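Okay, so here's the structure we're looking at.
Only the coordinates and a few stated rules stand behind these numbers; no lab work does. None of these values were measured; they are calculated from a predicted model. Note that each Cβ is placed from the backbone with ideal geometry, even for glycine, and that neighbours are counted across all protein chains shown.
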Amino acid sequence: MQVREAYDFLSDPIKKANYDAKLREADEAERRERAEETARIQASRAQPRAQEPQAAPQARRPRPATTGPAPRYRRPAGNADAARLSMLLKFHKYAEADIVAERILRDKPREASAYAAIADVARYRGDLDRSARYYAYAAQFDPDNPVFERKYLEVVDLQAQHPLRDVADLNRTPLYAALAAVGIVGTYLVVTTGVETPGLGPLAAGLSHVVALIVAGAVTGASFAAAGLLDRLETLGSATGPRVSAPVALGLVSLVCFWASVSAYWVVGAGQKAFNPSLSRLLGGSVAALSLIVAFTLAKNGPAAGQVFLLGGNVLFPSALVGWGLADVFRGLRGA
């Protein structure tokens, strides 16, 4: 901001001429002051030195009392806020982390980690303009940290390339391909006899359903990423320190119960203002793909359809995350 202000000021010929005149006046005043100081020194050396009066003895100052407890060391408030900020980001409490980071900046306006934390939160929420601005501040105040500059460049590239800034430019071909693939898998479930799983009590879904869910999940994640609906998976991490990213956390929970991970995402997102556009789209796409598999299964086997609805997301959503990661690999190879 200072550089920009100086550029605007010096680009105006009138302001620049006035500024140059002030510089000349300041130089002239400094030269006069130095000449007067030199004259005073020479005049003082020419005069005979008078006998300096002896200084009066100073009264002895009383020593401070050493009795009583030693003063306790108080850690600055900024250190406590920094530790708390790290914990809030670790547990994805973005609303509180935003407040704590702003409080740190009021006391320490050059604290790079606080700027990076605000940029992390803004990036997670999809606010690319705010994220880029605060990553730039973090990189300026801590130029020796390469992570801040890398994050800034990633957001700037995403601002320029992200297709969702204009929905008309969205690449729909991968989405049509994913819909066709899920339809083929669903048709296979209807026409095939399948391999049931005897001996597991009421479990009516067989191996064919597991394969269908894996394929549907992987195709959903890869197609959404190829269409530009998903950010890069690796960029959802933090610039302020290692922590478990939200996709990994949701994937681990969904291995146990997919619907619990969906509920946790919406509860935390509503409470912490922590909705991520990429995760919201992937969860919505996973629910849609699961619904199609359930519909195809229902046409043949009612009990299996209920079990696929309850447990199928445990397989489908982690597969979607894998498909997302594979698409990122190909995007990186193509330089997308």
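For Lys300, Lys93, the sequence from fewest to most other C-beta atoms within 10 Å is Lys300, Lys93. Ranked by how many other Cβ atoms sit within 10 Å of their own Cβ, fewest first, the residues Phe9, Phe317 fall in the order Phe9, Phe317. Stokes-Einstein diffusion for the range 251-336 at 37 °C, viscosity 0.692 mPa s, with a Kirkwood radius from C-alpha pairs, works out to 233 µm²/s. Note on the range 79-161: Cα-only Rg and Dmax are 12.0, 39 Å. Neighbour counting of Cβ atoms within 10 Å sorts the residues Ser280, Ser11, fewest neighbours leading, into Ser11, Ser280.
Taking θ as phi - 60° and the Karplus parameters 6.51, -1.76 and 1.60, the scalar couplings of the range 31-38 work out to 5, 4, 5, 5, 5, 5, 5, 5 Hz in sequence order, x denoting glycine and proline.
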